[in-house]
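The values are calculated or read from the model by the stated rules, or taken from the named source; none is laboratory data. The structure presented is a predicted model; accordingly, all values stated were derived computationally and were not measured. Every residue, glycine among them, receives a Cβ derived from its backbone with ideal geometry; neighbour counts consider all protein chains shown.
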Amino acid sequence: MRKLSVPAVDGDRGLARYYREIWTYPILTPEEEFMLATRWREEGDVESAHRLVTSHLRLVAKIAAGYRGYGLPMPDLISEGNIGLMKAVKKFEPERGFRLATYAMWWIRAAITEYILRSWSMVKLGTLAAQKKLFFSLSRIKRQLNIMNDGGLNDEQAADVAEKLHVSSADVIDMDRRLSSPDVSLNAPRSRDENDGAEFMDSLVDEQPGPEALLAQNEEAAHRRGLLHQALETLPERERHIITERQLSENPMTLEQLGTVYGISRERVRQLEARAMSRLKKTIVTLSGVNAAPAANAA
């Protein structure tokens, strides 16, 4: 099988070459798209998936261009959008009757916007939908309201924006300040004193757990694994196998697959799994109490 690859953007200087390359891939007809998507979905034909991806690369470039205003390199936006496109191709169901482009647009935008949020170190706002909406809509709303502020929003302007976006004025002011402040490199000097030599990175607090905490976590995890192993040994062989395949395997078997193995119905497998889980929990609680008793007596 010949090696299949997707064009990559080689920095800002390679954008023009990249655009020329992706325009060499033809747009698919609805019939071609359906045939390729079906072949990929049913037969795992990699070449069909490759044609689906490459025929939509110009769509990614067009969507990525709409996110230029966030100060991130265009090649990175395109690369993230291409990842979203590949996910869309993987999950696309042609039998539903709509085109891949319609479905892929959501995945492409989601990949790009998540990348932007990850990249803006000043935006430490979690993943709430309202916060994301504020982040991506603030500049547009300010333009609509003809707000041109260099020194920050005043209370009246913030209230107007907040009303449009259905958020609080305080959130609007806070976000505007964040967007108006440039990112600072962690390797930038903390002071103008050349003899200081200290960088912003030196003032960061290491939030990772210390060696003692890591040791305690590892010991606790080992203790739990031991309890689980003991509890599993108390189950009948069939229930132990069902729990192992359904809950502890990296590639869990379905109820139907296990039903075929044992010659029983899907519902019966579900009942056995539920019963086994209940027994496991009770046994683990009992074993935890037994193991804790000697320690308490020793104390």
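Tabulated data for the structure shown
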read-out	value
Checklist (1) free of Cβ contacts under 8 Å to residues at least 12 places away in the same chain; (2) on the phi < 0 side of the Ramachandran plot; (3) among the small types (Gly, Ala, Ser) applied to Gly44, failing item	(2)
Answer residue from the stretch 81-116, given it is hydroxyl-bearing (Ser, Thr, Tyr) and over 21 Å from Ala8 (Cβ atoms) and is modelled with the lowest pLDDT among those	Thr113
Subset tally (residues that are loosely packed, with under 13 Cβ neighbours inside 10 Å and under 14 Å from Ser278 (Cα atoms)) for the stretch 224-246	1
Pick from the stretch 250-299, criterion assigned by TED's automatic domain parsing to the domain that holds Glu237, outside any helix (DSSP H, G or I) and more than 16 Å from Glu237 (Cα to Cα), ranking: modelled with the lowest pLDDT	Glu250
Selection within the stretch 207-249 - in contact with a Lys or Arg (Cβ under 9 Å, 6 or more places away or on another chain) and assigned to a helix (DSSP H, G or I)	Ala231, Leu232, Glu233, Glu239
Single residue of Lys62, Lys91 found to be assigned by TED's automatic domain parsing to the domain that holds Tyr18, farther than 24 Å from Arg17 by Cα and basic (Lys, Arg)	Lys91
